[in-house]
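Beneath this line is the structure, given in structure tokens, with notes to follow.
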Amino acid sequence: MADAASILFEALSPMNLLLALLGVLGGTIVGALPGLSATMAIAVLVPFTFVMDPASGLIMLGAIYTGAIYGGAFAAILVNTPGTPSAIATTFDGYPMAKRGDGDLAVTLATIASVFGGLVGAILLITLSPKLATLALAFQSTEYFWLALLGLTLIATLSQGNLVKGLIGGMFGIFLSMIGVAVIGGDVRFTAGLPSMLGGIDIVAALIGLYCLPVLIGMVATPDQHLEPAEARGFRLFEAIGISLKNWFNLIRSSLIGTLVGILPGAGGSIASLIAYAEAKRASKNSDNFGKGEPGGILATESSNNATVGGGFIPTLVLGIPGTPPDAVIMGALMVQGIRVGPSLFQSGDDTVYVFMTGLVVATLLMLPVGLIVGRYAFRFITNVPKAMLVPLIAFMTIIGSFAIHANPHDVVVMVVLGIIGWAAGRAGFGASPIVLGLVLGQIAEQGFMRAWMIGGARGDFLGQLLVNRPISWGILALILLTMMLPLFRMRAARRAAAGETTREGAVAGPAQIDRAGLIGSAVFLALAVWMLIQASGLSVMAAAFPYAIGAALALLSLLQILRSLRGQGGTNAEGGSAEGTVRGFVLAATMLGWAVIFPHLGLFATSLIACVLLMLTGQFGRLTMPRLAAYLVSLFVMVTLFYVTLDRVLNVPLPPALLF
């Protein structure tokens, strides 16, 4: 291996710096658009790197990956829609901060945390790769099961004042993860006889629908701005640095969590950010502020998910086991360039891998200026664009984003249907976040549980395989119990304080009102649980074990919530809104559903123009003058054309044959 100076000199060459800058900028933009993933951007650009110097091409791919993971925070903060699955937890506090006018501060905090976490992951990649790779081998299927459960314990902090409703939402999300072909056993489950459901529900399409469509319906419900306009305050960099310094331990802990989770193949940034968020909330003195716009929540999630980039490269480079789909694409590019990944990589004398890792550090540092500039103008754009234009813009991005994942129109229909379900569930107090957690972690939990069952069954010691014989499992289980119990103790203390205050004031509590929305929702979930159990009875033992457990849990929780709703213990339900807002919401939902169903037959371009015009009129409040109408129509035409050309010509997404265009 050459000396460190020559490696640093090559990584900092003008061409490599330019490629890293372009990669970070492009990745940030791709990550900010829901549905356009880092994997897609890397896969599209891999052929172009074949004509480049190996180190330069790999630096650009790594920069795109880093930028895309960070870019997901923009949509999470400004639109409440995770641009990437790893930004799920960023919505919890990022969007509330943006709603109160601190979106610029939230974006700057996300940028600082992303740079810090990315640097920790990259530095550990360079210095400790072989040693950390052995830790990945110590994790077996049992530990993956408990890791998934650790992520699911975050439901306790996202339940809007009602843990039972949150758990019901989590069980529903796990049910969604089981639709299609069983991961163990190969049975077809819960497809209702629809061939299009054999592939299951795509996580990104579900994320877009569950998070974004309710936001769109809420946007057209009132004439208020989507985000509160705020005075121009620049980057708010020094304010964000001060907050970050106060949360220095949170940043370090979350970055280490992200790196360690990142080395586990298949875990990824979504699990890392959820675990880091749960730990940040557990340890914080301001735990009650989490979910309401707490800066520490953003610092935890963004530092951890960006640390997984460097962590994910550790098993990829040292063991030849890609941790995430982008890692697999980059590993393929390494092999095309003649670089053999594996234990001998770091003793081969090839400097390319060290130049690549150094370039990853450079790309992470470049995220700071790129993120600050893009974030400042993105926040200003979202706050100043009229709602009549913002609604069709976001709606169009959800359509093309969910379609671009697999070039499958079915994903678009699933996105819209789940969005409508999420909106209806939110009205009854069943939040979208627990559903998403169940969907993201359900398959990982089932795989770990069933593999432990098979191994333990073969040894005649299932419980031992699942827990007793696994010291790592004991540690994760301790974290689960700690994470679950602390919120319960805090809620109990809060209820006692409220009861004591009521007693001192001498208030007389009136009869509790029945939670009708929660009662109807719980009855629907109970019916779903019964259907699950009936369907599971026709499956093989291996394919039915997990559905039986989830169906029984969902039934018991639904019955419990029915009793609670009758007693008026419904938690926090979404506001109903005005009659006009409800009508506009139905119009938007119907337009989106018709758009998703019709565009494969009539054409994406033509149907998008028509749908965007309808959504523009739906989002318009007050009198619309002819000059403004003309400006809106021209803007919509330009927007649809640009996105269409990008899909068709730049990303080469195969569009369905259509009658129109």
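Values as computed for the structure displayed
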{"item": "Sole residue being on the phi > 0 side of the Ramachandran plot, under 27 Å from the mean Cα position of the chain (by Cα), at pLDDT below 90 and not hydroxyl-bearing (Ser, Thr, Tyr), chosen from ASN652, ASN573", "result": "ASN652"}
{"item": "Selected residue (criterion: modelled with the highest pLDDT) from residues of region 39-64 that are open to solvent by 10 Å² or more (accessible area, probe 1.4 Å) and closer than 15 Å to LEU360 by Cα", "result": "MET60"}
{"item": "Test: residue in region 80-92 that is under 23 Å from PHE356 (Cβ atoms) and surrounded by 24 or more Cβ atoms within 10 Å (Cβ to Cβ)", "result": "yes"}
{"item": "Unique residue being modelled with pLDDT under 85 and within 15 Å of ILE399 (Cα to Cα) when the list is LEU624, LEU647, LEU588, LEU615", "result": "LEU647"}
{"item": "Of all residues in region 506-522 being closer than 17 Å to GLY426 by Cβ and surrounded by fewer than 19 Cβ atoms within 10 Å (Cβ to Cβ), the one that is modelled with the lowest pLDDT", "result": "ARG516"}
{"item": "Within region 93-125, considering residues that are charged (D, E, K, R) and assigned to a helix (DSSP H, G or I), the one most open to solvent (accessible area, probe 1.4 Å)", "result": "LYS99"}
{"item": "Residue, modelled with the lowest pLDDT, within region 309-325, restricted to residues that are open to solvent by less than 10 Å² (accessible area, probe 1.4 Å) and under 18 Å from the mean Cα position of the chain (by Cα)", "result": "GLY323"}
{"item": "Unique residue being surrounded by fewer than 24 Cβ atoms within 10 Å (Cβ to Cβ), charged (D, E, K, R), farther than 20 Å from GLY551 by Cβ and within 23 Å of the chain's Cα centre (by Cα) when the list is ARG253, ARG236", "result": "ARG253"}
{"item": "Failed item, numbered, when HIS601 is tested on (1) open to solvent by 70 Å² or more (accessible area, probe 1.4 Å); (2) at pLDDT 90 or above", "result": "(2)"}
{"item": "Single condition ALA110 does not satisfy, out of (1) within 22 Å of GLY401 (Cα to Cα); (2) modelled with pLDDT of 90 or more", "result": "(1)"}
{"item": "Meets criteria (open to solvent by 30 Å² or more (accessible area, probe 1.4 Å), at pLDDT 70 or above and touching a Leu at 6+ places or on another chain (Cβ under 8 Å)) for LEU152", "result": "no"}
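The values are calculated or read from the model by the stated rules, or taken from the named source; none is laboratory data. Just so you know, these numbers come straight off a predicted model, no measurement behind them. No Cβ is skipped: glycine too gets one built from the backbone with ideal geometry, and neighbour counts run over all protein chains shown. Heads up: the accessible areas ignore ligands, DNA and RNA and are worked out on the full protein's heavy atoms, side chains in. Shrake-Rupley method; radii C 1.70, N 1.55, O 1.52, S 1.80 Å.
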